[in-house]
Amino acid sequence: MASSFPDYYSLLNVEPKANFDEIRTAYKKESLKCHPDRLGNASATEKNAAKEKFQVRCFSPASSFLHEY
């Protein structure tokens, strides 16, 4: 049965054998790419959409997955 989780290693562009520091650094780097505070001139609607996307897609699943390690 296939996992319902995406392949976080490929999303973070790290090898499955990556150590904790490499994964952590890659996670921070990727999370900054979709963080709503990085949208300087965006409208309130765009910022709210980015915030929801960040919380649901970028932060919650990866964070809970990475905390297991």
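The values are calculated or read from the model by the stated rules, or taken from the named source; none is laboratory data. Computed from a predicted structure; not experimentally measured. Note: accessible area is taken over every heavy atom of the protein model, side chains too, but ligands, DNA and RNA are not part of it. Shrake-Rupley method; radii C 1.70, N 1.55, O 1.52, S 1.80 Å.
A compact table of results
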quantity	calculated
Count - residues of the stretch 8-24 that are open to solvent by less than 90 Å² (accessible area, probe 1.4 Å), assigned to a helix (DSSP H, G or I) and not aliphatic (A, V, I, L, M)	3
Odd one out for GLU68 among (1) charged (D, E, K, R); (2) at pLDDT 85 or above; (3) not in a helix (DSSP H, G or I)	(2)
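Yes/no per residue for (1) modelled with pLDDT of 85 or more; (2) of a type in the set (Lys, Arg):
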{"residue": "ALA18", "(1), (2)": "yes, no"}
{"residue": "ARG24", "(1), (2)": "yes, yes"}
{"residue": "LYS33", "(1), (2)": "no, yes"}
{"residue": "ALA50", "(1), (2)": "no, no"}
{"residue": "PHE54", "(1), (2)": "no, no"}
